[in-house]
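Below is one structure, written out as structure tokens; comments come after it.
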Amino acid sequence: MLFRSNMVVSNSATVSGGGSASANAIDVTTVLPLSGLGISTTHSGNFTQGQTGAVYTVTVSNGSSAPPTSGTVTVTENVPAGLTLLSMTGPGWTCNSNICTRSDALSAGASYPVIIITVSVAANAASQVTNSVTVSGGGSTSASASDITTVTQIQNSSTLSAGAAAESTGGVAVVPLTLSIPSGVSIDALTFG
């Protein structure tokens, strides 16, 4: 018998005869289900403040001794503060916002095609965020996974330095300026007054 939730069974026995009164015994046993769906989330390298297109990869798999899934399997992405979900997509998955679903059976020991989660990283994101995902349905118990992600911090300070003034013809002073801007930071306007 294949089942996916706890099942309680009772075994009873009755003894009679031999000139004695009958006796009964009941043994109640809880049978636990086979292992079911599992989920993982991974990424490569560090993310960077202000980055667009950072990627997590999510894999849903079925336990090696589990029966095939039945019904809808749902994956939910829980985007941490400092990240914004741009898209979730994967072959065979139907994705809307932070949820992907599919209803085809997944055999024991097999995995569905991966889900690619694309995010943008806020300019003020913390130095470490934790992405988490959950899988539910398919006749299995729910499972969750998380992925700790390092976010490289960008120094948002720019440096403007002036060299020695030199007088040019006509009495106008010429001052050489050097502007240092960190990688990934843009300046919309520079005003002198």
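The values are calculated or read from the model by the stated rules, or taken from the named source; none is laboratory data. Bear in mind the structure is a predicted one, so any value in this text is a computation, not a measurement. Using ideal geometry, Cβ is built from the backbone for each residue, glycine included, and neighbour counts are taken over all protein chains shown. Remember, those area values only see protein heavy atoms, side chains included, never the ligands or the DNA or RNA. Shrake-Rupley method; radii C 1.70, N 1.55, O 1.52, S 1.80 Å.
Data for the structure
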{"quantity": "Meets criteria (on the phi < 0 side of the Ramachandran plot, in a strand (DSSP E or B) and either open to solvent by 60 Å² or more (accessible area, probe 1.4 Å) or touching a helix residue (DSSP H, G or I) at 6+ places or on another chain (Cβ under 7 Å) (or both)) for S22", "calculated": "yes"}
{"quantity": "Matching entry among T141, T134, T178 (being in a strand (DSSP E or B) and at pLDDT 95 or above)", "calculated": "T134"}
{"quantity": "Hey, A108 small (G, A, S), open to solvent by less than 80 Å² (accessible area, probe 1.4 Å), at pLDDT 95 or above and touching a Ser or Thr at 6+ places or on another chain (Cβ under 7 Å) or not", "calculated": "no"}
{"quantity": "Test: V129 is touching a Gly at 6+ places or on another chain (Cβ under 6 Å) and within 17 Å of S44 (Cα to Cα)", "calculated": "yes"}
{"quantity": "Residue tally, condition surrounded by 10 or more Cβ atoms within 10 Å (Cβ to Cβ) and at pLDDT 70 or above, over the range 25-44", "calculated": "8"}
{"quantity": "Checking P80 against (1) open to solvent by 50 Å² or more (accessible area, probe 1.4 Å); (2) touching a strand residue (DSSP E or B) at 6+ places or on another chain (Cβ under 6 Å), the condition it does not meet", "calculated": "(1)"}
